[in-house]
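Scroll down for the structure; my scribbles are underneath it.
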Amino acid sequence: MKHMGNTPLVYLLIITGCVLAISCISVLLWFLGDASWQFWQAFGLSPLWADEWYPYESLYGLLPAIIGSFWVMIIAMMIAVPCGLSAAIVSSEILPLSWQSWIRMGMEILAGIPSVVYGLIGLWVLLPWLQNIFDLLTGHSLLAAGMILSLMILPTMMVMAQDALRLIPLEQRETAMSLGLNWNQRLCRILLPQAWPGIRSGILLGLGRALGETMAVMLVVGSLDRVPQPIYNILEPAQTLTSRIGREMGEAAFGSMHFSALMACGLVLAATAIFLSLLSQQHRGRLNV
Amino acid sequence: MLYLLIKKLLLGDDSLMKKMILAGLTLCLISPADAAERISIVGSTTVLPVISQAAEVYHQTHPDVTITVSGGGSGVGVASVIQKTAQLGMVSRHTTVEEQAKLNGQVDDIVIATDAVAVAVSKAVYESGIHQLSLEQIADIYRGKVRNWKDLGGIDKRILVIDKEASRGTRHVFAKAVLGNTYARAEGASIISGSNNEEQMIIARNDNAIGMLSNAWLNDKVRGIDIVMHGKAIAPTIEHIRDGSYPISRGLHVLLAHAASKETKTFVQYLLSEQGQAIVRRVGYLPVR
């Protein structure tokens, strides 16, 4: 690749790409900020911890949806990260090569299924199941949303982790083996630390999707604007920021306070995603030192 | 690659390539001038079955007119007419004062049918003996004062109270008739649903649900109960809509902009014609003529 580095075309492409990416992000943030400005101006930051959302009474409390989004994300990651990681380890380290490609194909198919299909699967299969197991009034719950999401981010997690593991050079494995390290030591001391940047990207991409997914969550979360009682109760219907935007964006007239409030929900989501991403960047910096 | 192509094109060192690219560009620029007239219709999922069936029949006699129909709710229907993203809005309630101000007298509000908003319960609830309720009892359920079917003479099961998104026409009409105010809060709500389909599915899938549904969506698993008025039980039937005795009935409207195309206006006339009204009857609503 190095001999291409000097041609102006490559430079041009790289610079164009960077400028495009940066401007896309800034235009998006500017748009969200601009569209929600009316809302922040009128209410300040207090809606972030107010818990009543009744747009027709000019009450715009974001807290129930923020808590909902938080729980859904946590649940999804708690299921998807261990499952994705172990699936990646099993398929790239243990199973023969011919199986690997099948598993990978399965994961890629999973990743390609439209989110509304996941939502409907949740509606038909997961909700009645949860309802029976926990004897709930309805299966619509944060737990259901988190479980559906975990299924949706599992392929991303697994494929990224698998790629990272496969990129570790053979010499390192051979050296580790010749040193007499057992499988556990090889995995925890050599493979996982080396693959961590890739795994981390997988986690971040998954987090982003978990935060931003609308359709599937909307169908199973119940869309009820109420802070869970008690706050860790994940078996009751609740609301997430995305499902609120999805449900109410169509009716909110462009330029109205309601519209601005929904844009504020979007801004909170975007800010959270950027914050998480920055946090992990810092973390990586510390690891490299 | 692209850079090279453009360079080749500009320098003209390959006339065949140049011709091909120019031909391609020209093809892209030609728009289908004689394209069929498109009418997009958006809004209430209560009005939707009438319009989509009418559109199908209409397309057979007017093959040059393509009609796309999509839901979203009455609020979305009004918003798309205001924002001019749809030619025709479907609305299952009266437009609000704010909406009228935005519509600015530039639309005709045409009633094409009348229906009843039925109080729908799961089959199991109906069969346990809940055949009729008074408006006060229904209000108690939605306000969270009554939480078990046992208290109303039914099975010993908690009530799954289904509320609707605040912009939905059915919600407006129901809340006005039962709770006294179009945007009244329903503290007893267990979950929030959107379209008639979604609500119908939740009621059918559960054995303890109550919801609000247009009478055309009732079936074996989703039963409409009678409403007790002055000591008399009144079922949500066409006869009771016609004689005005059923308390929660409403007109189903389409919003037609004055500036709409000739084809759109002809289609609305078709809806009001004998054939159009026959479709209204077939769907299960009361025709207007």
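Against the conditions (1) among the hydrophobic types (A, V, I, L, M, F, W, C); (2) closer than 17 Å to B:A186 by Cβ; (3) open to solvent by 10 Å² or more (accessible area, probe 1.4 Å), where does B:L160 fall short? Just the number, please.
(3)
Restricting to region A:172-184, count the residues that are over 12 Å from A:Q194 (Cβ atoms) and either in contact (Cβ under 8 Å) with a residue 12 or more places away in the chain or under 35 Å from the mean Cα position of the chain (by Cα) (or both).
3
Select from region B:41-82 the residues that are more than 14 Å from chain A (Cβ to nearest Cβ) and assigned to a strand (DSSP E or B) and write down the one among them that is nearest to B:Q106 (Cα to Cα).
B:I41
How about region B:146-155: which of its residues are within 30 Å of the chain's Cα centre (by Cα) and open to solvent by 30 Å² or more (accessible area, probe 1.4 Å)?
B:R147
Within region A:226-260, which residues are in a loop (DSSP other than H, G, I, E, B), of a type outside the set (A, V, I, L, M) and surrounded by 16 or more Cβ atoms within 10 Å (Cβ to Cβ)?
A:R226, A:P228, A:E236, A:P237, A:Q239, A:T240, A:G250, A:E251, A:S256, listed by residue number.
With (1) at pLDDT 90 or above; (2) at the interface with chain B (Cβ under 10 Å from one of its Cβ atoms); (3) open to solvent by 10 Å² or more (accessible area, probe 1.4 Å) as the list, and A:M263 as the residue in question, which single condition is left unmet?
(2)
How many residues are within 14 Å of chain B (Cβ to nearest Cβ) and either free of Cβ contacts under 8 Å to residues at least 12 places away in the same chain or part of a helix (DSSP H, G or I) (or both) if we restrict to region A:55-81?
7
Could you list, in sequence order, the residues of region A:234-243 that are more than 9 Å from every other protein chain (Cβ to nearest Cβ) and either on the phi > 0 side of the Ramachandran plot or within 17 Å of the chain's Cα centre (by Cα) (or both)?
Across region A:234-243, the qualifying residues are A:T240, A:L241, A:T242, A:S243.
What is the one condition in (1) out of contact with any His (no Cβ under 9 Å at 6 or more places or on another chain); (2) among the charged types (D, E, K, R); (3) surrounded by fewer than 21 Cβ atoms within 10 Å (Cβ to Cβ); (4) under 21 Å from B:T46 (Cα atoms) that B:D115 does not satisfy?
The number of the failed condition is (3).
Take residues that are in contact (Cβ under 8 Å) with a residue 60 or more places away in the chain and within 14 Å of chain A (Cβ to nearest Cβ) and tell me which of the strands (runs of 3 or more DSSP E) falling wholly in region B:177-230 contain 1 or more.
In region B:177-230, B:209-214 are the strands (runs of 3 or more DSSP E) which contain 1 or more residues that are in contact (Cβ under 8 Å) with a residue 60 or more places away in the chain and within 14 Å of chain A (Cβ to nearest Cβ).
Out of A:L120, A:L126, A:L165, A:L130, report the one residue that is within 14 Å of chain B (Cβ to nearest Cβ), assigned to a helix (DSSP H, G or I), open to solvent by less than 10 Å² (accessible area, probe 1.4 Å) and in contact (Cβ under 8 Å) with a residue 12 or more places away in the chain.
Every option except A:L130 fails the conditions.
The values are calculated or read from the model by the stated rules, or taken from the named source; none is laboratory data. Fair warning: this is a prediction, and the values are worked out from it, not measured in the lab. With ideal geometry, Cβ positions are generated from the backbone for all residues, glycine too; neighbour counts draw on all protein chains shown. The accessibility values were calculated without ligands, DNA or RNA, using every heavy atom of the protein model including side chains. Shrake-Rupley method; radii C 1.70, N 1.55, O 1.52, S 1.80 Å.
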